[in-house]
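Q: One structure, as structure tokens, below. Some questions next.
The values are calculated or read from the model by the stated rules, or taken from the named source; none is laboratory data. Since this is a predicted model, take the numbers as computed values, not measurements. Positions of Cβ are backbone-derived with ideal geometry, glycine not excepted, and every protein chain shown enters the neighbour counts.
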Amino acid sequence: MTPHQTLFRVIGAVAFVAALLALPGCGSDDNTTTTSGPVSIFTPDTAAPAPLTLALLSGASTGASIDVRVTVTGVTSFFGAAFRIKYDNTALLFNGMTSSGSLLRDGVAEGNLLFSEDHSSVPGEVLITATRLDPTTAPPVDVTTTADLVVLNFTARKVILPATAEGRVEFGDPKQVCDGTVNGSGCGEIAVTWSGGGVSAQ
């Protein structure tokens, strides 16, 4: 092979590599061509809840996924709650509920607790129960600051503009908070304020 043939082969190889790098998605500097979905943000109606409030507050988020914390603030003798969470299921997908960090778990065995959710019976609603079961073995708790009752996870199905109805996440009726003074299926009820919020995804 002559020197001229070798040079032409090198030039041809360089041109081929350069052409490959110019193609979309090739090369190390072309990371900007990847697309990602919307980023979700939860904006509470009440960012700093007053005493005697159950409020939805923002939790962790990853891309379109957002945690919504169901919180209790300043409630004496809090024993448990049963309520509905309403949302637009064409805009938001409910993924599940976690109770691992619940204020009700402090010093109480698993058998004295009930955490349940049902999101399939009524579209766009999650029926939630989070309570201690026996006030003689698991007494009510005094919630002095803001603490998590349960955490809900949603994923935005599409772009949701801030402060629009399709992003609303709020408490629906019936809703009840108990003080643990009544055994069995009864409930010594506590009067509280319920505060929701909204998801935006852009």
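Q: Can you pull out every residue in region 154-165 that is surrounded by 18 or more Cβ atoms within 10 Å (Cβ to Cβ) and either of a type outside the set (A, V, I, L, M, F, W, C) or touching a Gly at 6+ places or on another chain (Cβ under 9 Å) (or both)?
A: Start the filter on region 154-165 by keeping residues that are surrounded by 18 or more Cβ atoms within 10 Å (Cβ to Cβ), which leaves 154-156, 160.
THR155, ALA156, ILE160, listed by residue number.
Q: Another question, if that's okay. Of these, VAL39, VAL68, VAL108, which one is surrounded by 19 or more Cβ atoms within 10 Å (Cβ to Cβ) and either hydroxyl-bearing (Ser, Thr, Tyr) or in contact (Cβ under 8 Å) with a residue 24 or more places away in the chain (or both)?
A: Values: VAL39 fails: surrounded by 19 or more Cβ atoms within 10 Å (Cβ to Cβ); VAL108 fails: surrounded by 19 or more Cβ atoms within 10 Å (Cβ to Cβ).
Exactly one of VAL39, VAL68, VAL108 is surrounded by 19 or more Cβ atoms within 10 Å (Cβ to Cβ) and either hydroxyl-bearing (Ser, Thr, Tyr) or in contact (Cβ under 8 Å) with a residue 24 or more places away in the chain (or both), namely VAL68.
Q: Name the residue, out of GLY167, GLY188, GLY124, that is among the small types (Gly, Ala, Ser), closer than 23 Å to PHE79 by Cβ and out of contact with any helix residue (DSSP H, G or I) (no Cβ under 9 Å at 6 or more places or on another chain). Outline the logic, then answer.
A: Details: GLY167 fails: closer than 23 Å to PHE79 by Cβ; GLY124 fails: closer than 23 Å to PHE79 by Cβ.
The unique qualifying residue is GLY188.
Q: So, one more: Which one is farthest from LEU149 (Cα to Cα), of the residues in region 107-120 that are part of a loop (DSSP other than H, G, I, E, B) and either modelled with pLDDT of 95 or more or among the aromatic types (Phe, Trp, Tyr) (or both)? Talk me through it step by step, then tell me what you get.
A: Just the residues of region 107-120 that are part of a loop (DSSP other than H, G, I, E, B), to begin with: 107-109, 119-120.
After this cut, where a residue has to be either modelled with pLDDT of 95 or more or among the aromatic types (Phe, Trp, Tyr) (or both) as well, the list is 119-120.
Values: HIS119: 18, SER120: 21 Å.
Here the residue is SER120.
Q: Does ARG84 satisfy being among the basic types (Lys, Arg), farther than 17 Å from THR53 by Cα and surrounded by 15 or more Cβ atoms within 10 Å (Cβ to Cβ)? So that I can check it myself, show each step before the final result.
A: On the way: among the basic types (Lys, Arg): yes; farther than 17 Å from THR53 by Cα: no; surrounded by 15 or more Cβ atoms within 10 Å (Cβ to Cβ): yes.
It is false that ARG84 is among the basic types (Lys, Arg), farther than 17 Å from THR53 by Cα and surrounded by 15 or more Cβ atoms within 10 Å (Cβ to Cβ).
Q: Still on this structure, please answer the following. Would you mind finding the one in PRO135, PRO123, PRO174 that is in a loop (DSSP other than H, G, I, E, B), surrounded by fewer than 15 Cβ atoms within 10 Å (Cβ to Cβ) and touching a residue at least 12 places away in the same chain (Cβ under 8 Å)?
A: Details: PRO135 fails: surrounded by fewer than 15 Cβ atoms within 10 Å (Cβ to Cβ); PRO174 fails: in a loop (DSSP other than H, G, I, E, B).
Residue meeting the stated conditions: PRO123.
Q: Just for region 35-58: of the residues that are among the small types (Gly, Ala, Ser) and modelled with pLDDT under 95, which one is nearest to MET97 (Cα to Cα)?
A: Residues of region 35-58 that are among the small types (Gly, Ala, Ser), as a first pass: 36-37, 40, 47-48, 50, 55, 58.
Those still in the list that are modelled with pLDDT under 95 too: 36-37.
Details: SER36: 25, GLY37: 23 Å.
Going through the qualifying residues, I end up with GLY37.
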